[in-house]
Amino acid sequence: MRTRFKVLAALAGGMSALMVLAALLTLLPGRLPLPSDEVLMGVAFAVLFPLGAWTVAEGFLSGDERSMQWPAFRCLPGRVQWAVGALVVVAAVTAFADVATDSSRQSSGVREGRYYAFETSRGNRGTVEIGRQEYEELEESSRRGSLAVPGAMLAVLTALILVNGELRRVPVRAAPAAPGAVGRP
């Protein structure tokens, strides 16, 4: 595998691990001294979009069949398979857990020392006043989702980069036989 695939996969995988770890840290009680969501998501998407576009273009321009992707992934070293697989699973579970445990309220803001949330249930749609504890829980929950989803996307992108690199390493197409050559039975 060429070095560029290894470097790009390490960049995407490292950023995915950072996002998933930050999302998992929101499960701990209290507020953590992490950068704001805007900063973390900005960095994640600054990595995700160019790498994603490059990976998709690389996959289309190579002309490889999609049926070769799983065998190419299986050709990666076992530790790499486990690391990428674990990263994808943990990222997906974290993103799914946030969606599954989400309440009908979304954090809205603080005005004049009071905490407000936006109620999304059908009967009580609108802004409601809440306590500080619930507001902090809503903030952490929204932060978890906003970090886990880009982490999952970057984890899948890491796998695709490695598959593309593995497909470039081994020539898939066989050379055409010379005219008049006789094959062995």
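The values are calculated or read from the model by the stated rules, or taken from the named source; none is laboratory data. Note that the coordinates shown come from a computational prediction; the quantities given were computed from them, not determined experimentally. Every residue, glycine among them, receives a Cβ derived from its backbone with ideal geometry; neighbour counts consider all protein chains shown. Heads up: the accessible areas ignore ligands, DNA and RNA and are worked out on the full protein's heavy atoms, side chains in. Shrake-Rupley method; radii C 1.70, N 1.55, O 1.52, S 1.80 Å.
Taking the criterion of being over 12 Å from Y135 (Cβ atoms) and at pLDDT 75 or above, the only residue of region 100-117 that qualifies is E112. Each residue in region 129-145 was checked for being open to solvent by 30 Å² or more (accessible area, probe 1.4 Å), part of a helix (DSSP H, G or I) and either of a type outside the set (S, T, Y) or closer than 17 Å to E112 by Cα (or both), and 8 of them qualify. Identification of helices (runs of 4 or more DSSP H) wholly contained in region 7-102 with 3 or more residues that are open to solvent by less than 50 Å² (accessible area, probe 1.4 Å) and in contact (Cβ under 8 Å) with a residue 60 or more places away in the chain yields 37-62, 78-100.
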